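Asks: I'd like to ask you about the structure that follows.
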Amino acid sequence: MQTLTTTKTSGIHALNDVEMQTPVKLSALDGDWLEDFAHGAFQNKGGELWNAIQFMLYDLNLKVISSGFGLDSARGEKDWMLRNTIERVEQMYLSKEMVPADLTTADDFLVWLKRRIAGHRVNHHPLFDYFDADSLSSEELRYFLSNYRVNMQRFHLHVAAYSLIVPFEMRQELYNNLHDEFGQGNFAKAHPNLFEPLMNHFGGARQEDINPETCHLLNTKINLCWFADGLHYGLGGMGALELSIPAQQRHILAHLRRIGLSEQLVEFFVVHCECDEDHGDGWFAAGLPYMVDREDFQRVFSGAMRMLDARAGVYDGILAGSLRRRNPHWSPRKSSQLVSYHNYFELT
Ligand SMILES: [Fe+2]
């Protein structure tokens, strides 16, 4: 039986170095067990099984980012089996909300979609009440930024990966977006470079800050953009993200200014408040010719809501983590299912 191993800092790894050299044989029982495990995870989002899956996928995805897919390797075979099974199960638990039947043109659909994006709970998250009230400590801001940074650093990679499967004409919008992400030709202003001084001002990022919900957003982006099933899910997801980011970041920017940070330190948030709404409109305008029928609308809508739900989850995780840190009596729950999972994969 293949084993999965854990580290204190980053959760569960699919294969260690020795196992990567070993041919993988997964029996039907292994696959069935994994499927049952995934059902258990997605039936209790935020529970320990779900958390374990998110850390595991996160590690797989970082490995893909650093080393590629590993075609013809044991890692590649095992990773595909894991991510394909988990994605199939996750889809069973996604919202089944349908686009209203009276929306028959792409223009009408987009008006409706943008209203739904603006009204999504991610834009009205209670975490922003803490920013508005200036009631976050310096350490809580560091913790927030540390989780934010995980997805911020890799945003451009999702645009680039997704661009591989969209029509040639649509790539123009995506590569314009990448040009902005890289500081419009000034690498010092590339968005990850703008973020680091702010992160360091609050003490820097730590591996142990990373929440499972933060991993889930990265995993969701990878599923929609790197393993895209057609262009519509990624279009909905990435367009919705870009459209909604300014509404969220205005709370953060205003707070950082009120506590006296310089314009240089908050430049990352200034830039995004100014340009991401245009990016979102640009994505949907570029995708408009490919939103032809109601099946297309449904996929775009599903991708948008799935992505915004995952992003709202990041805020849920940060808020819960901050409140747990404020309460010294909090302790994590033990799950008998997780013990079973550890035993099954011989986790150490
Ligand atoms: Fe950016």
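None of the figures in this text is laboratory data; all of them are computed from the coordinates on show. This one's a predicted model, so the numbers in the text were calculated from it and none came from an experiment. Glycine also receives a Cβ, built like all others from the backbone with ideal geometry; neighbour counts cover every protein chain displayed.
Asks: Taking other Cβ within 10 Å of each residue's Cβ, how do CYS273, CYS215, CYS225 sort, fewest first?
Replies: Sorted ascending by nearby Cβ count, the order is CYS273, CYS225, CYS215.
Asks: Sum -39500 (n - 2.57) across every DSSP H segment of at least 4 residues in the chain, then divide by the residue count to get the 222 nm mean residue ellipticity, nearest 500.
Replies: Roughly -21500 deg cm²/dmol at 222 nm, from the helical runs in the chain.
Asks: In which sequence would ILE259, ILE165 go, from the one with the fewest C-beta neighbours within 10 Å to the one with the most?
Replies: ILE259, ILE165
Asks: Follow-up question, since we're still on this one. Over 25 Å between Cα atoms, which of LYS63/LYS221; LYS63/LYS96; LYS45/LYS114; LYS63/LYS189 qualify?
Replies: In this structure, LYS63/LYS96; LYS45/LYS114; LYS63/LYS189 lie more than 25 Å apart at Cα.
Asks: While we're on this one: Using a Gaussian network model of the chain with C-alpha springs under 10 Å, which one of SER163, SER135, SER146 is most mobile by mean-square fluctuation?
Replies: Comparing SER163, SER135, SER146 in a Gaussian network model of the chain, the most mobile one is SER135.
Asks: Anything in the chain that counts as a DSSP H helix reaching 18 Å or more along its axis (C-alpha) with Kyte-Doolittle mean of at least -0.5? List them, would you?
Replies: 28-43, 48-67, 106-119, 232-258, 267-287, 294-326
Asks: Arrange the following residues from fewest to most other Cβ atoms within 10 Å of their Cβ: VAL150, VAL292.
Replies: Ascending Cβ contact count within 10 Å gives the list VAL292, VAL150.
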